[in-house]
Amino acid sequence: MHVSIIVPCYNEEQNIEAFYEETRTILNQLAMQCEIIFINDGSKDGTQRQLSRLHDKDDHCHYIQFSRNFGKEAAMLAGLSYATGAYSIIMDADLQHPPELIPKLIEKAEEGYDQVIAKRNRKGDNVSRTFFTNIYYKCINAMTDVHFENGIGDFRLLSRKAVNALLNLREYNRFSKGLFSWIGFEAATITYENVTRAEGDSKWSFRSLLNYGIDGIISFNNKPLRLAIYGGLLITLLDFIYIFVMFIQTMLHGIEVPGYFTTIAAVLFLGGVQLIAIGIIGEYIGRIYYEVKQRPPYLVAYSTKKKVDLK
Ligand code: UDP
Ligand code: MG
């Protein structure tokens, strides 16, 4: 019985040492064997040097080196597929996920839960980011079938069963928050105080968060397409009513020439609606395009751990 800690890293040179020390201390207190698997997601700083140093001094500390930056989703997937533990715990390298929670996560898992989710409050977070996040969660929950909860990220423990279920989802466009919820299983939640990043900056800009948000909505169902259909139907209905009213007016009072405003308004409005609808369709086609190429989600340049198939 052992535990795998999975840590995606992208330019985390300044955090790795501290993260390792803190986590190691906690892991040493456990009665279980533990491995730490770092995934170096194409870092451009000295992350690789740090990781190889840690591997040299600790046999149970491994790293997987990507050939370039593939994103955190890919890094988590790689970590999960290399993990051999009965439990896998996904953590950030910036110490925003407190290692002190590891024993608590394991304790819950021993009670029989397949997912133990660590939920944070948003204390100390950027005000505008919190504001938009709140709105976003309202929208995404209204628009998708799986449930998303504010404050829940990737910090969680997964049982072997849950890990295997995730590994069986071979989609290219991965949106883990949704996949975790999609696989189901018994889940327990524990809460913790929000911590701000130890060193360096978050890799998320407003734009990347917005794109991530759209990904979340589009990856999980075809409701946006439905919305386009309903929108189209509503506008058609309004058009009919308008045409009918205009027809009656023309019949009774003859043609009034000044119609410039209505014409322009209709052209602009319908143009906008059509572009949005085409955009939505385009998003789905784009995803199909990436999916049919069947490219691997990541490429491993070097790994200190052999991959074993536990499925
Ligand atoms: N990360 C990664 N690849 C990326 C971006 C981020 O592996 O392309 C890692 C990063 O090193 C960190 C975790 O994902 O361990 C979370 O990133 P970050 O702290 O920037 O996100 P935030 O905490 O602001 O959501
Ligand atoms: Mg962070």
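Values quoted throughout were computed directly from the atomic coordinates according to the rules given, and no laboratory measurement underlies them. Fair warning: this is a prediction, and the values are worked out from it, not measured in the lab. Glycine gets a Cβ as well: all are built from the backbone with ideal geometry, and neighbour counts include every protein chain shown.
Taken as Cα centroids, the stretch 44-60 and the stretch 91-114 sit 23 Å apart, rounded to the nearest whole angstrom. Other residues lying with their Cβ under 15 Å from the Cβ of Gln294 contribute a combined charge of +3, Lys and Arg counting +1, Asp and Glu -1. Using amide H atoms built 1.01 Å from N in the peptide plane, name the residues 5+ places from Ile5, or on other chains, whose amide H lies under 5 Å from its own. For Ile5, the qualifying residues are Glu35, Ile36, Ile37, Ile89.
Divide the volume of the convex hull of the Cα atoms of the stretch 156-298 by its number of residues and quote the answer in cubic angstrom per residue.
Details: hull volume 31.1 nm³, N = 143.
Hull volume normalised by residue count: 218 Å³.
Label-to-label distance for Asp59 and Glu110 is 2.5 nm, based on points extended 7 Å past Cα in the beta-carbon direction.
Annotation: Cα Rg of the stretch 4-138 relative to the compact-globule expectation 2.2 N^0.38 Å equals 1.10. Against the chain, whose longest principal axis is taken from its Cα atoms, helix 13-28 shows a tilt of about 60°.
Estimated from helices alone, the mean residue ellipticity of the chain at 222 nm is -17000 deg cm²/dmol (sum of -39500 (n - 2.57) over DSSP H runs with n ≥ 4, per residue). Positive-end ranking of Tyr113, Asn168, Gln249 along the dipole of the chain, with charges on Cβ about the Cα centre, is headed by Gln249.
Just the number, please: Stokes-Einstein D of the stretch 93-152 in µm²/s, Kirkwood Rh from C-alpha pairs, 20 °C, 1.002 mPa s.
Details: Rh = 13.8 Å.
The diffusion coefficient I find is 156 µm²/s.
The phi-based Karplus calculation (6.51 cos²θ - 1.76 cosθ + 1.60; θ = phi - 60°) puts the 3J(HN,Hα) values of the stretch 112-121 at x, 7, 8, 9, 10, 9, 9, 10, 10, 7 Hz, whole numbers, x for Gly and Pro.
Can you tell me how much longer the chain between His253 and Leu275 gets when fully stretched, taken as 0.36 nm per residue apart minus their C-alpha distance, in nm with one decimal? If you can, show how the numbers build up before the last one.
Working: separation 22, 0.36 × 22 = 7.92 nm, distance 3.59 nm.
The span from His253 to Leu275 would gain 4.3 nm if fully extended.
For the chain, the longest principal axis of the C-alpha atoms and the axis of helix 260-293 are separated by about 30°. Pairs of C-alpha atoms in the stretch 51-201 farther apart than 22 Å represent 46 percent of all such pairs. For the peptides 154-163, 60-69, 200-209, the ranking by packing is 154-163, 60-69, 200-209, with the highest mean count of neighbouring Cβ atoms within 10 Å listed first.
Quick check: the angle from helix 206-220's long axis to the longest principal axis of the chain, C-alpha only, nearest 10 degrees? Here the helix axis deviates by roughly 80 degrees.
Taking a quarter of the surface of the Cα convex hull of the stretch 223-293 gives a mean projected area of 5.8 nm².
In summary, the convex hull built on the alpha carbon positions of the chain has an orientation-averaged projected area of 20.0 nm².
May I ask you to order 278-286, 182-190, 250-258 by the average number of other C-beta atoms within 10 Å around their residues, highest value first?
Values: 278-286: 12.9, 182-190: 15.7, 250-258: 7.7.
By packing density, highest mean first, the sequence is 182-190, 278-286, 250-258.
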